[in-house]
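Chemist: Take this structure, written in structure tokens, and hold onto it; I'll ask about it next.
The values are calculated or read from the model by the stated rules, or taken from the named source; none is laboratory data. Computed from a prediction, not measured in an experiment: that's the story for all the values here. Using ideal geometry, Cβ is built from the backbone for each residue, glycine included, and neighbour counts are taken over all protein chains shown. We work out accessible area using only protein heavy atoms, side chains counted, and drop any ligands, DNA or RNA first. Shrake-Rupley method; radii C 1.70, N 1.55, O 1.52, S 1.80 Å.
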Amino acid sequence: DTEVTQTPKHLVMGMTNKKSLKCEQHMGHRAMYWYKQKAKKPPELMFVYSYEKLSINESVPSRFSPECPNSSLLNLHLHALQPEDSALYLCASSHVQNEQFFGPGTRLTVL
Amino acid sequence: QKEVEQNSGPLSVPEGAIASLNCTYSDRVSQSFFWYRQYSGKSPELIMSIYSNGDKEDGRFTAQLNKASQYVSLLIRDSQPSDSATYLCALHGSSNTGKLIFGQGTTLQVKP
């Protein structure tokens, strides 16, 4: 299995909702990442997990809460988001400090 | 100065031509360089990685790295309309965290 999967593909939520994005990989990678991408911009790093421990938080607002239950899974919990948080959320994985492979992304719309 | 600079384009080439995409970077310590292709509405796809000076070829793609000039490029031979996409240059920063630093991307249009 050489891919990163993400669910859901699309998500529409209100500002008071709580939702979660999920990411899974079975490539034996021990680093996993969350990125946010706005239209016509490059991906912007949010969080890095290395060996299931949070190693980088790029000063992301607390309404985004990451979780790494095991080496294959990565979640991003969302609560009280703002309309400006609407974006494509990308998960990626890699061997530590190596090539990163992206999942298909979740297109999030916050109303 | 931005850490990774790319011309945003669009770069327009006729079908069958060579497309040349360029990227410069500011951190001399950077060791790992990557090219991603991103179709509109899709996620980035890794197409090339290069770690040492010189050329690396994979099919119609050639990546070129010149660390002395802090320059990395991607050549696409026999360009096809299906190559029309945004190409993102990325590198690992000097912090050894695995963090990727992206350029703004170059939009390539291949005209039939």
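Chemist: Say the cut-off is 25 Å between C-alpha atoms; which of A:K40/B:K67; A:K18/B:K99; A:K18/A:K38; A:K22/A:K53; A:K36/B:K56; B:K67/B:K111 go over it?
Modeler: Details: A:K40/B:K67 28 Å; A:K18/B:K99 28 Å; A:K18/A:K38 21 Å; A:K22/A:K53 17 Å; A:K36/B:K56 30 Å; B:K67/B:K111 33 Å.
With Cα atoms farther than 25 Å apart: A:K40/B:K67; A:K18/B:K99; A:K36/B:K56; B:K67/B:K111.
Chemist: Moving on. At most 15 other Cβ atoms within 10 Å plus a DSSP loop assignment makes a site exposed; report the longest stretch of chain B without any exposed chymotrypsin sites (Phe, Trp or Tyr not before Pro).
Modeler: It runs B:52-112.
Chemist: Moving to a separate point now. Do you know which residues of segment A:62-111 lose at least 40 square angstrom of accessible area in the protein assembly compared with their chain on its own, with a 1.4 angstrom probe?
Modeler: A:Q97, A:E99, A:Q100, A:F102
Chemist: Next question. Within chain A, which cysteines find no other Cys whose Cβ is under 4.7 angstrom from their own?
Modeler: If one checks each Cβ against the other cysteines of chain A, A:C68 turn up with nothing under 4.7 Å.
Chemist: Further question: Trypsin sites (Lys or Arg not before Pro), restricted to segment B:1-61: which are DSSP loop and have at most 12 other Cβ atoms within 10 Å?
Modeler: Working: sites: B:K2, B:R28, B:R37, B:K42, B:K56, B:R60; in loops: B:K2, B:R28, B:K42, B:R60.
Hits after loop and neighbour filter: B:K2, B:R28.
Chemist: If Lys and Arg each add +1 and Asp and Glu each add -1, what is the summed charge of the other residues whose beta carbon sits under 12 Å from the beta carbon of B:K42?
Modeler: Taking every other residue near B:K42 into account, the sum is +2.
Chemist: Would you mind getting me the FRET efficiency between A:T109 and B:S32? Use the beta-carbon distance for r and R0 = 35 Å, nearest 0.05. Each step should come with its number before you reach the end.
Modeler: Working: r = 34 Å, r/R0 = 0.98.
Once rounded, the FRET efficiency stands at 0.50.
Chemist: Can you pull a Stokes-Einstein diffusion coefficient for chain A at 4 °C (1.567 mPa s), Rh from Kirkwood over Cα pairs, as a whole number of µm²/s?
Modeler: Working: Rh = 13.9 Å.
Roughly 94 µm²/s, to the nearest whole number.
Chemist: Still on this structure, please answer the following. Cut-off 16 Å, label point 7 angstrom out along Cα-to-Cβ of A:A39: give me the residues of segment A:72-111 whose amide nitrogen falls inside.
Modeler: Counting only backbone N, you get A:83-89, A:107-111.
Chemist: Can you tell me how chain B classifies by the Cα gyration tensor, rounded, prolate or oblate, using a/c under 1.5 as the rounded cut?
Modeler: Numbers: a/c = 1.93, a/b = 1.60, b/c = 1.20.
Note, shape of chain B comes out prolate.
Chemist: Then there's this: Among residues other than A:S55 whose Cβ falls under 13 Å from its Cβ, what is the net charge (Lys/Arg +1, Asp/Glu -1)? All intermediate terms of the calculation are to be shown ahead of the outcome.
Modeler: Values: positive: A:R30, A:K53, B:K99; negative: A:E52, A:E58.
So the environment of A:S55 carries a net charge of +1.
Chemist: Now for a separate question. Relative to the isolated chain, which residues of segment A:15-46 have their accessible area cut by 40 Å² or more in the presence of all protein chains (1.4 Å probe, heavy atoms, no ligands or nucleic acids)?
Modeler: The answer is A:P42, A:P43.
Chemist: If you roll a 1.4 angstrom probe over the protein chains with everything in place, what fraction of the accessible area of chain A belongs to carbon and sulfur, to the nearest %?
Modeler: Working: 2780 of 5500 Å².
Carbon and sulfur atoms account for 50 percent of the accessible area of chain A.
Chemist: Can you give the local net charge around A:V96? Use residues other than it whose beta-carbon is closer than 14 angstrom to its beta-carbon, Lys and Arg +1, Asp and Glu -1. Provide the component values of the computation, followed by the final result.
Modeler: Working: positive: A:R30, A:K53, B:K99; negative: A:E52, A:E99.
Net of charged neighbours comes to +1.
Chemist: Can you give me the convex hull volume of the Cα atoms of the protein assembly as shown, divided per residue and expressed in Å³? Display every interim value, and only then the final one.
Modeler: On the way: hull volume 28.0 nm³, N = 223.
With only Cα atoms used, the protein assembly as shown gives 125 Å³ per residue.
Chemist: Moving on. Give the interface area between chains A and B as buried accessible surface, both sides summed, probe 1.4 Å, in Å² to the nearest 100.
Modeler: Roughly 1600 Å².
Chemist: In nm, give the distance between the simple-model label positions of B:A68 and A:T5, each being 7 Å from the Cα along the Cα-to-Cβ direction.
Modeler: Result for the modelled spin labels: 5.0 nm.
Chemist: Keeping all protein chains in place, calculate the accessible area per residue for segment A:4-111 (probe 1.4 angstrom), answer in Å².
Modeler: 48 Å²
Chemist: Using a 1.4 Å probe over the heavy atoms of the protein chains, calculate the carbon and sulfur portion of the accessible area of segment B:34-112 as a whole percent.
Modeler: Solvent-exposed carbon and sulfur of segment B:34-112 make up 46 percent of the total.
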